[in-house]
Amino acid sequence: MQKTNKGADALIFLILFVLAVAFISPILIVLMNSFKGKFFISDTPFLFPNSQTFSGISNYTSGIAKTDFISAFGMSLFITVFSVGVIVLFTSMTAWYITRVKTKFNQLLYYIFVFSMIVPFQMVMFTMTKTANVLNLDNPIGIIFIYLGFGSGLSVFLFSGFVKSIPIEIEEAVMIDGCNPAQSFFKVVLPILKPIAITVAILNVMWVWNDYLLPDLVIGSEYKTIPIAIQYLKGGYGSIDMGAMMAMLVLAIVPIVIFYLLCQKYIIEGVVAGAVKG
Amino acid sequence: MQKSIKKYFALFALPTIIAFSVAFVIPFLLGVYLSFTEFTTVNDAKWVGLSNYVKAFSNQDFLNALWFTVKFTLVSVLTINVFAFSLAMLLTRGKRGTNLFRTVFFMPNLIGGIVLGYIWQLIINGVLYNFDLTLTSDPKYGFWGLVVLMNWQLIGYMMIIYVAGIQNVPKDVIEVAKIDGASKFQVLRNVTLPLVMPSITICLFLSLSNSFKLFDQNLALTAGAPAKQTAMLALDIYNTFYGKTGWEGVGQAKAVVFFVLVAMIALVQLLITRRKEVES
């Protein structure tokens, strides 16, 4: 029994190892090509750079210049950090409010939030862009407000599910002790919400950081985020500077991989929690 | 307590409600209305009844995109879930390196759709180059390219959910089944699968709606080429809005049809698989 188990274990490990290498290889191929001259990339993408094809970091310097990568990175960071912060703060408050105050209006509101989760972006793409223009929300500050609105469906839903599981007696006790609702929310409820707040934050970071269409339509031509900068590398008639493209793909992947390795535990737990609730 | 909280409506609920109305509720209602009108800006809308819908359904690009999207969704949902479930079974049986493997398989999911599209463009073109072909020589390359890309992106995500489901299956139930003489296949079919049905529901739902709504990856990988034959619904709607002046109303009608399809698929799928879930 023991022996066959060990054999099976080794076999499973081997299969998984081969698959893992296959899984990671696309990223390694991009990394490898980012050090090749741009005319050699399409011909031999699977070969290591050699003395003829190696181009040092010139793809990186030209790519950064062409895409204005530093400012795109700053823009992505700014929008992601503030949007996610605002989403977590305001949707947790709203979810607590509509779960604790049971009125017909609040119930209806909850169902509209849930409903919004299944509506594809294309349904509101044009009208939302126009609304944002009319209300002068077509700037990096305005888009944070848009993200709060568009992201509130999932976030309110997740927070509400969690609030329902918190015994109401805790809050009653706090309020009898003299706290007003705001104090009891920020001092007592919010700390209890921490696990689900992390989930909500993770899911929204993954969405906002990688989002292309919404920022492109609302603020794209003036303020580029990383996905927009990469898409704009593709010039007219489909011509692409492959060298710059490879370097920018690497630079786009690096921050998200670092983020992933730093909070891997939370990300995987958050994804499971978000999925099971959803 | 309800009463005292209620007074705090302006602080707790109002900011989200205003943002939600501006970003979703108003654009949604306006969108439904505009789909029955002809317009170039929101202010010059002229009621035209169902004619946008008629135009949408007699538009060859739209019908192509619809068919392409359905085919793509069927193939990717099937492949993603079969691979993800198999990987999850392997991961929950093996002992060494489990965490490392999970980390690796999940990683592509964090990379954005635009970046994913260009990564696979390089790789697929690199392979096809040997046969003097490119991704855009034939729509079938774009189709299978999108399938591979989507598998790469979503297998890890679905695997994580399946792993959680499989780990929740009580060990003693499986032991009992084995003692009763059930074969490995019978255990999988009659014990494990019914008990992980909630995970299957979620994974089918997520892979289905993600595949059906795909946009960024489609735009970056082929942008619909050749001749719009690999454009999916989301991309076709985008092109109608921003590529054809005077067609905004038709674009909006296509978007409403798209929304109705997504909503129907979501509802039907949840109803069917929820019915199959059992309590352990």
Which one of A:I170, B:Q121, A:I230 has its Cα pushed farthest toward the positive end of the charge dipole of the protein assembly as shown, where Lys and Arg give +1 and Asp and Glu give -1 at the Cβ?
-> A:I170
What's the average, rounded to a whole number, of partner chain beta-carbon atoms within 10 Å of each residue's beta-carbon in A:136-143?
-> 1
For chain B, modelled as a Gaussian network with Cα springs under 10 Å, which listed residue fluctuates most, B:A220, B:A45, B:A231?
-> B:A45
Quick one: pull the percent of accessible area on the protein assembly as shown belonging to carbon and sulfur, 1.4 Å probe, ligands and nucleic acids left out.
-> 67 percent
Which entries of A:K66/A:K130; B:K228/B:K254; A:K224/B:K244; B:K140/B:K228; A:K104/B:K3; B:K71/B:K276 show an alpha-carbon separation above 20 angstrom in the structure shown?
-> A:K66/A:K130; A:K224/B:K244; B:K71/B:K276
Hey, which aspartates and glutamates would be in cross-link range of B:K46, C-alpha to C-alpha under 19 Å, not counting anything within fewer than 8 residues on its own chain?
-> B:E38, B:E248
Counting helices only, and only those DSSP H runs with n ≥ 4, report the 222 nm mean residue ellipticity of chain A as the sum of -39,500 (n - 2.57) divided by its residues, in deg cm²/dmol to the nearest 500.
-> -25000 deg cm²/dmol
Region A:66-277 - accessible surface per residue (Å², probe 1.4 Å) | 39 Å²
Largest first and rounded to whole Å, the semi-axes √(5λ) derived from the alpha carbon gyration tensor of chain A read 42, 29, 16
Projecting the Cα atoms of B:A253, B:V187, B:G97 onto the charge dipole of region B:59-275, where Lys and Arg contribute +1 and Asp and Glu -1 at Cβ, the residue farthest towards the positive end is B:V187
Among the aspartates and glutamates, which have Cα under 19 Å from the Cα of B:K171 when same-chain residues fewer than 8 positions away are ignored?
-> A:D9, B:D180, B:E277, B:E279
From the backbone phi of region B:201-217, what are the Karplus-calculated ³J(HN,Hα) couplings (6.51 cos²θ - 1.76 cosθ + 1.60, θ = phi - 60°) in whole Hz, Gly and Pro given as x?
-> 3, 4, 5, 4, 4, 5, 5, 5, 6, 5, 5, 5, 9, 3, 9, 3, 4
For chain B, calculate the relative contact order in percent as a whole number, restricting contacts to Cα pairs under 8 Å that are 6 or more residues apart.
-> 29 percent
Give the relative contact order (percent, whole number) for region A:66-277; include only Cα pairs under 8 Å separated by 6+ residues.
-> 33 percent
Using +1 on the beta carbon of Lys and Arg, -1 on that of Asp and Glu, and nothing else charged, what's the dipole of region B:59-275 about the Cα centre, debye to 20?
-> 620 debye
Placing +1 on each Lys and Arg Cβ and -1 on each Asp and Glu Cβ in chain B, then taking the dipole about the Cα centre, the residue among B:V22, B:T273, B:N43 whose Cα reaches farthest towards the positive end is B:T273
With each pseudo-label sitting 7 Å past Cα toward Cβ, what's the B:L133-A:N5 distance in nm, one decimal?
-> 4.9 nm
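How well do other chains shield peptide A:93-101, expressed as the mean number of their Cβ atoms within 10 Å of each residue Cβ?
Whole-number average of other-chain Cβ neighbours for A:93-101 is 6.
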Provide the solvent-accessible area of B:T92, counting protein heavy atoms only and rolling a 1.4 Å probe, rounded to the nearest 10 Å².
-> 50 Å²
Arrange the peptides A:26-32, A:199-205 so that the one whose residues have, on average, the most other Cβ atoms within 10 Å appears first.
-> A:199-205, A:26-32
Compute the accessible area per residue over chain B, keeping the other protein chains in place, probe 1.4 Å, unit Å².
-> 45 Å²
Would you grab the residues whose amide H sits under 5 Å from the one on A:K36? Only those 5+ places off in sequence or on another chain, please, with H modelled 1.01 Å from N.
-> A:S55
Put B:W120, A:W96, B:W47 in order of accessible area, largest first, probe 1.4 Å, and you get B:W47, B:W120, A:W96
Tell me, what HN-Hα J-couplings in whole Hz come from the Karplus equation 6.51 cos²θ - 1.76 cosθ + 1.60 at θ = phi - 60° for each residue of region B:99-114, using x for Gly and Pro?
-> 5, 4, 5, 4, 4, 5, 5, 7, 3, x, 5, 7, 7, x, x, 4
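The values are calculated or read from the model by the stated rules, or taken from the named source; none is laboratory data. Given the structure is predicted, the values throughout are model-derived calculations rather than measurements. All Cβ positions, glycine included, derive from the backbone under ideal geometry; neighbour counts span all protein chains shown. Areas reflect the complete protein model, heavy atoms only, side chains present, ligands, DNA and RNA absent. Shrake-Rupley method; radii C 1.70, N 1.55, O 1.52, S 1.80 Å.
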